[in-house]
Amino acid sequence: MKNELIEKLVREAEKSMKNSLAPYSKFKVGAALLTKKGNIYTGCNIENPSLMLSACAEKTALLKALSEDERSFRAVAVVSSAGKHCYPCGSCRQMLLEFAGDIDVYTANANEIKRYSLKELLPFAFSV
Ligand code: THU
């Protein structure tokens, strides 16, 4: 993917991170999911006092896209407020793989953007 597009995806994830509701963990996360059509769906983490009801940024972005009838995806970018690379949690990896397939995963901190394939992050994934 071209650098410009990767950087745009990271910027969109950063913008979304500003909307994060993370009063419990204080760990803000933003994600931006790029579709094959070129649309970008963003998401942030949304925590709930009943912590198990909280939603991750990647899941928020994915559900937003799926609910708009998007079915083909290209890449996802993930950023956090912690100043280090934030990798999608296991459950988001599983969910992304199920609906988006083996997309590129970009994680970014202030200095560097890293790329992984989703299958690299979730080898031997569960499937039915
Ligand atoms: N979180 C995400 O939004 N995405 C991830 O991939 C890892 C974790 C959120 C969940 C929770 O709101 C906070 O980060 C860490 O406790």
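Helix-only arithmetic for the chain: the sum of -39500 (n - 2.57) across DSSP H runs with n ≥ 4, divided by the residue total, places the mean residue ellipticity at 222 nm at -9500 deg cm²/dmol.
Bridgeable aspartates and glutamates around LYS15 (alpha carbons under 17 Å apart, same-chain partners fewer than 8 residues away excluded): GLU4, GLU7, GLU58. Applying D = kT/(6 pi eta Rh) to region 3-121, where Rh is the Kirkwood radius over alpha-carbon pairs, T corresponds to 10 °C and eta to 1.306 mPa s, the Stokes-Einstein value obtained is 115 µm²/s.
The portion of the accessible surface of the chain made up by carbon and sulfur, rounded to a whole percent, is 53 (1.4 Å probe; DNA, RNA and ligands excluded).
Legend: calculated FRET efficiency, ARG11 to MET52, from the Cβ-Cβ distance at R0 = 25 Å, rounded to 0.05, equals 0.20. Within region 17-128, DSSP assigns beta bridges of which about 80% are antiparallel (rounded to the nearest 5). If the chain linking SER91 and GLU68 were pulled fully straight, counting 0.36 nm for each residue of separation and taking away their Cα-Cα distance, it would gain 6.1 nm. Here the extension length gained between LYS36 and LYS18 equals 3.9 nm, from 0.36 nm per residue of separation less the Cα-Cα distance. Assuming charge only on the beta carbon of Lys and Arg (+1) and of Asp and Glu (-1), the dipole of region 36-128 about its Cα centre is about 160 debye to the nearest 20.
Greater than 18 Å separation of Cα atoms is the criterion. Which listed pairs, LYS84/LYS114; LYS2/LYS114; LYS37/LYS119; LYS2/LYS37; LYS37/LYS59; LYS2/LYS59, meet it? In this structure, LYS37/LYS119; LYS37/LYS59; LYS2/LYS59 exceed 18 Å between Cα atoms. Taking the average, over residues, of other Cβ atoms within 10 Å as the packing measure, peptides 107-113, 36-42 rank 36-42, 107-113 from highest down.
The values are calculated or read from the model by the stated rules, or taken from the named source; none is laboratory data. These numbers were taken from a predicted model, which means no experiment stands behind them. Every residue, glycine among them, receives a Cβ derived from its backbone with ideal geometry; neighbour counts consider all protein chains shown. With ligands, DNA and RNA removed, areas are computed over all heavy atoms of the protein, side chains included. Shrake-Rupley method; radii C 1.70, N 1.55, O 1.52, S 1.80 Å.
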